[in-house]
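The values are calculated or read from the model by the stated rules, or taken from the named source; none is laboratory data. Small disclaimer: the values here were computed from a predicted structure and weren't measured. Counting neighbours? That spans all protein chains shown, and the Cβs are built from the backbone with ideal geometry, glycine included. Calculation scope for accessible area: heavy atoms of the full protein, side chains included, ligands and nucleic acids excluded. Shrake-Rupley method; radii C 1.70, N 1.55, O 1.52, S 1.80 Å.
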Amino acid sequence: MSFKPANNIQDLQYFGEFGGVNPSISDSSTYTFLSAKTMFDTFEGNADGCYLYSRHSSPSNLYLGEALAAMEGTETANVAASGMGAITPALLQLCQAGDHIVSSRTIYGGTYAFLKNFIPRMQIETTFVDITKPDIVEAAINKNTKVLYCESVSNPLLEVADIPALAKIAKKHNLKLIVDNTFSPLSISPAILGADIVIHSLTKFINGSSDTVGGVVCGTQQFINDLRNVNDGACMLLGSTMDSLRAASVLKNLRTLHIRIKQHSKNALYLAEKFESDGLKTVYPGLKSHPSHELFKSMMHSDYGFGGMLTIDVGTLDKANELMELMQNNNLGYLAVSLGFYKTLFSAPGTSTSSEIPEAEQKEMGLSNGLVRFSIGLDDDIERTYQMMHACMKQLNILD
Ligand SMILES: Cc1ncc(COP(=O)(O)O)c(C=O)c1O
């Protein structure tokens, strides 16, 4: 694949307002106009390079958006105050009353809750499908379907979407394919594989320091203009705008993403192989036993590996909780939701990030109570980490 996402980030060049190597941070909510006519033109969307009001756009947010668009290979992007602040306006921009969405059933709990519980208030219905079965996906499409929605690697079951196949289906039925790429930045480039819109929760690997929430919608100039439109743009009108100071700090962290992702992936692969050979039920796209291992390989930029997320199943929720508490007490990471931090984070998705999904549905999709989701950290000595985790598992009789 000739598309090199990390080179695109490396090649960003800034000459700040005062020659700074970092662009100056725009610390203003509103902007002056030297002529009233220019203000009018800006409202109408006809004055490139002019800023109106920071809920619409601001220089710092545009810098971050352009960097993320370069990473994903889209024309442009719009940053938001959180991942949900990117997902919800993108869906609301594309759908209106009477429309229908086909979505993967294994997605982040908040997105699931929005589709299942919130958006039906606007008469927008969703059919949830097993995204790994393209024929089932296609069969769920009806004449009102507008959007096909999935995560490249799903939360928390780590199912892998066949993006080229889904893009083909979307094109055939004139739908927009939205891919949430939060779990696999750099490893997978959904837009290059045919997705129309790529979304990230920047909160996770991209920012990487667990100090803020943030989101982005990457897409065509036309779609991003639509989101920002002062009359009917969902980002502009719903107002989940990222703060400029945050945009500047996320941009700085983005520059080390390639180094971090390589280390997360290296560590996760090491642990997944060890856990699997210890006899634990382990799910990681880098394992040959993963049903979509070959598919992931066919879509990935191999330098960045299979990502930092893995799951193990320790049988029961009680065991999962005991294990997580013991690992935290032994300073192996934090019992916390979210992902992409320098330390390992672990949680039991059934009772945390996926608790919005009813228990019966969790069962049907294979989300068991004993599942522990790991976001593997940047540990320099992962062998030491493994030995300590192994000892915790032995102490709790999870391993003999
Ligand atoms: C895959 C995925 N998408 C979206 C989100 C939502 O992002 P945020 O918490 O930044 O709103 C999350 C959060 O956990 C996530 O894991």
Shape call for segment 11-87 from the C-alpha gyration tensor, a ≥ b ≥ c root eigenvalues: rounded (a/c under 1.5), prolate (a/b greater than b/c) or oblate? oblate
Please compute the modelled spin-label separation between Asn329 and Ala97, points set 7 Å along Cα→Cβ, answer in nm with one decimal. 5.7 nm
At 1.4 Å probe radius, can you tell me the per residue accessible area of segment 1-114 in Å²? 48 Å²
Under a crude label model (7 Å from the Cα following the beta-carbon direction), how far is Lys143 from Glu273 in nanometres? 5.5 nm
Classified through the alpha carbon gyration tensor (a ≥ b ≥ c as square roots of its eigenvalues; rounded if a/c is under 1.5, else prolate when a/b is larger than b/c, else oblate), segment 172-245 comes out oblate
For the chain, the percent of all C-alpha pairs falling in each 10 Å bin, from 0 up to the bin holding the max distance, is 5, 23, 32, 24, 12, 3, 1, 0
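Keeping every protein chain present and rolling a 1.4 Å probe, give me the accessible area per residue for segment 274-400 in Å².
46 Å²
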First check a/c for segment 129-192, with a ≥ b ≥ c the square roots of the eigenvalues of its C-alpha gyration tensor; if it is under 1.5, answer rounded, and if not, answer prolate when a/b is larger than b/c or oblate otherwise. prolate
Once ligands and nucleic acids are excluded and a 1.4 Å probe is used, how much of Met388 is accessible, expressed in Å² to the nearest 10? 70 Å²
List the lysines whose Cα sits under 28 Å from the Cα of Lys281, skipping any in the same chain fewer than 8 residues away. Lys133, Lys204, Lys262, Lys266, Lys297, Lys319, Lys343, Lys363, Lys394
Mean Cα-pair separation over length for the chain, i.e. relative contact order, pairs under 8 Å, 6 or more apart, %: 17 percent
Quick check: the angle from helix 163-172's long axis to the longest principal axis of the chain, C-alpha only, nearest 10 degrees? 50 degrees
Enter the accessible area per residue of segment 223-271 (Å², integer; probe 1.4 Å; all protein chains in place). 42 Å²
Please give the direction-averaged projected area of the C-alpha convex hull for segment 203-345, in square nanometres with one decimal. 11.6 nm²
Might you work out the accessible area of Ser209 for me, using a 1.4 Å probe with all protein chains in place, and round it to the nearest 10 Å²? 40 Å²
Would you kindly state how much longer the chain becomes between Lys252 and Val21 on full extension, computed as 0.36 nm times their sequence separation minus their alpha carbon distance, in nm to one decimal? 82.1 nm
Quote to one decimal, in nm, the extra length available between Ser2 and Thr220 on full extension: 0.36 nm per residue of separation minus the C-alpha distance between them. 76.4 nm
Roughly how many Å² of Val79 are accessible to a 1.4 Å probe, to the nearest 10? 10 Å²
What's the angle, to the nearest 10 degrees (0 to 90), between helix 59-72's Cα axis and the longest principal axis of the chain? 50 degrees
Cross-link reach from Lys176 to lysines, straight Cα distance under 17 Å and at least 8 residues apart if same chain, gives Lys143, Lys146, Lys168
Which whole-Hz ³J(HN,Hα) couplings does segment 269-284 yield from phi under the Karplus relation 6.51 cos²θ - 1.76 cosθ + 1.60, θ = phi - 60°, glycine and proline marked x? 5, 4, 5, 4, 5, 5, 4, 5, 6, 6, x, 7, 6, 10, 10, 7
Accessible area in the full protein assembly, largest first, 1.4 Å probe, for Val129, Val21: Val21, Val129
Tell me the carbon and sulfur percent of the accessible area for segment 249-397, rounded to whole percent, probe radius 1.4 Å. 49 percent
Hull-based mean projected area of segment 271-360, where the convex hull spans the alpha carbons, in square nanometres: 7.2 nm²
At 1.306 mPa s and 10 °C, Stokes D of segment 341-400 from Kirkwood alpha-carbon radius, µm² per second: 119 µm²/s
